[in-house]
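Worksheet: the structure to be examined is printed underneath.
Bear in mind that the values in this text are calculations on the coordinates, not laboratory data. Being a predicted model, the structure only gives us computed values, none of them experimental. All Cβ positions, glycine included, derive from the backbone under ideal geometry; neighbour counts span all protein chains shown.
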Amino acid sequence: MGGVSRGGHSKVPAVTLGFWIIKIAATTLGETGGDAVSMSLNLGYAVSSVLFIGLFVVAVAAQIAVRSFHPFLYWLVVIATTTAGTTMADFADRSLGIGYAGGTAILFALLMAALGAWYRSAGSVSVDTVNSPKIEMFYWIAILFSQTLGTALGDWMADTGLGYEGGALVFGAGLAVIAAAYFFSNISRTLLFWSAFILTRPLGATVGDFLDKPVADGGLAISRFSVSALLALFMVACIFIFRQRAERQTPSDA
């Protein structure tokens, strides 16, 4: 699956195994990077959210302005959504005091509203409809809300008593079910894509928390900055290894 730009060239990468590996790394980096700014630097969730939303706006503007697919720019926007998602979810769940269930419900409603607006505008929420600045904005807003929702889900699952490792296993199993449905069923590929996109975020969140949270809380207490730097290097290596390219597509390829 890929989105087609105004010139007929895709601006989003084909959804391959490499895409999902980089996506999970990006979501894990979003968790450790978001925590590094909000917790390690003691900026708090509100200030950190403002900073990351600002980065998201700048990155999205650059992404929409270009006319062809640039992998490093694309994944920079994804990282911006996942770091903003981390601090926004933490702000909603903790600072506003609405809890994990309340935060998850609100974020789910926002995601459904974003996808609904996209559907009304394009008649589909498939990434193959990303062929104009307007639809591309719907795409990135939906991704921002999906990343934030995934963070809330990951924190909620870890808080139920499963811990970070248990939460990661649950979300990993969920992704395995989605993969099986992709290969062995006729379930809508668009539905499966968004389901997997949402679930990779709590998987990354629980893995990130396991790496950088204190030992007393069930983590490994590794430096958030060190983990974030290693994840960033891993992403760069994967972008070169998998050599992501966006294929020329037509609407019939959806």
Using Cα centres only, tell me the gap between the stretch 139-190 and the stretch 67-129 in whole Å. 14 Å
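Report the local net charge at Y45: Lys and Arg +1, Asp and Glu -1, summed over other residues whose C-beta lies under 14 Å from its C-beta.
Values: positive: R94; negative: E31, D35, D90, D93, D155.
For residues surrounding Y45, the net value is -4.
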Please compute P(r) over all alpha-carbon pairs of the stretch 17-243, binned at 10 Å starting from zero, and give each bin as a whole-number percent. 8, 33, 40, 17, 2
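Most exposed first by the Cβ proxy, i.e. fewest other Cβ within 10 Å, how do V170, V127 rank? Let's see the in-between values first.
On the way: V170 19, V127 25.
By the 10 Å Cβ count, ascending, the order reads V170, V127.
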Using the Kirkwood radius over C-alpha pairs as Rh, can you work out the diffusion coefficient of the stretch 17-65 via Stokes-Einstein at 10 °C, viscosity 1.306 mPa s, in µm² per second? 132 µm²/s
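What net charge is computed for the residues neighbouring L162, neighbours being all others with C-beta under 13 Å from the C-beta of L162, Lys and Arg scored +1, Asp and Glu -1? Walk me through the numbers on the way to the answer.
Working: positive: none; negative: D155, D159, E165, D209.
Surrounding charge for L162 is -4.
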Students often forget the sequence filter, so: which lysines lie under 18 Å Cα-Cα from K23 once same-chain residues fewer than 8 apart are removed? K11
